[in-house]
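The values are calculated or read from the model by the stated rules, or taken from the named source; none is laboratory data. These numbers were taken from a predicted model, which means no experiment stands behind them. Every residue, glycine as well, gets a Cβ built from its backbone with ideal geometry; the counts of neighbours run over all protein chains shown. Just the protein is used for accessible areas: all its heavy atoms, side chains included, with ligands, DNA and RNA removed. Shrake-Rupley method; radii C 1.70, N 1.55, O 1.52, S 1.80 Å.
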Amino acid sequence: MSAAPVERSSETYTFTFTFDGPVTCNGGPTYTLTDTVTFTDYYLENPGGRRVFRSVITESLTGVPLDPSLPTVTATTEGQATASTSTQGAFTNTYHGKTIATYSDGSTESASFIGHATVSPYHQKILNFDRCH
């Protein structure tokens, strides 16, 4: 008797929203940012109930500084995330990406980010770390 096949699927979501904050995870001056994010999620589920997810993330930002003496900005982010669950309820997630910002005065800035999170299946304790550089 052969094992049941792994189920595969994918979905794409796009969201646009506006908020005030720094352009990159490095911090900096506050901008009013319009952010369009697209997630393409790929799912695998084996017959035993374990799930694996992979996401490809693209983001486009435009920003106007709250301080009018600063330049406007456009930025793009590309990243990936992977996550998995167990039949006992454990969850792990890792992600990484890079943002490149171009300002109207000709200057540029880039920032990379990486992170990981784990949720214990029994006590629901969360271990999380991330880094921006």
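Name the single residue, out of those in the stretch 71-85 being in contact with a Phe, Trp or Tyr (Cβ under 8 Å, 6 or more places away or on another chain) and open to solvent by 40 Å² or more (accessible area, probe 1.4 Å), that is farthest from Tyr103 (Cα to Cα).
Thr82
Of the conditions (1) within 26 Å of Ser84 (Cα to Cα); (2) open to solvent by 60 Å² or more (accessible area, probe 1.4 Å); (3) not hydroxyl-bearing (Ser, Thr, Tyr), Gly49 satisfies every one except a single condition; which number is it?
(2)
Please verify whether the stretch 3-13 includes one or more residues that are within 25 Å of Ala90 (Cα to Cα), among the small types (Gly, Ala, Ser), part of a loop (DSSP other than H, G, I, E, B) and open to solvent by less than 50 Å² (accessible area, probe 1.4 Å).
Checked the stretch 3-13: no residue is within 25 Å of Ala90 (Cα to Cα), among the small types (Gly, Ala, Ser), part of a loop (DSSP other than H, G, I, E, B) and open to solvent by less than 50 Å² (accessible area, probe 1.4 Å).
I'm told Thr62 meets every condition in (1) assigned to a strand (DSSP E or B); (2) under 29 Å from Leu127 (Cα atoms) except one. Can you identify the failing condition by its number?
(2)
Pick from the stretch 110-128 the residues that are open to solvent by less than 50 Å² (accessible area, probe 1.4 Å) and in a strand (DSSP E or B): which of them is nearest to Thr34 (Cα to Cα)?
Ala111
Please identify the pairs in which a residue from the stretch 55-69 that is within 15 Å of Phe15 (Cα to Cα) and free of Cβ contacts under 8 Å to residues at least 24 places away in the same chain has its Cβ atom under 9 Å from the Cβ atom of a residue that is open to solvent by 90 Å² or more (accessible area, probe 1.4 Å) and in a strand (DSSP E or B), counting only partners at least 6 apart or on another chain.
Listed by first residue and then by second, the contacts come to Thr58/Glu78.
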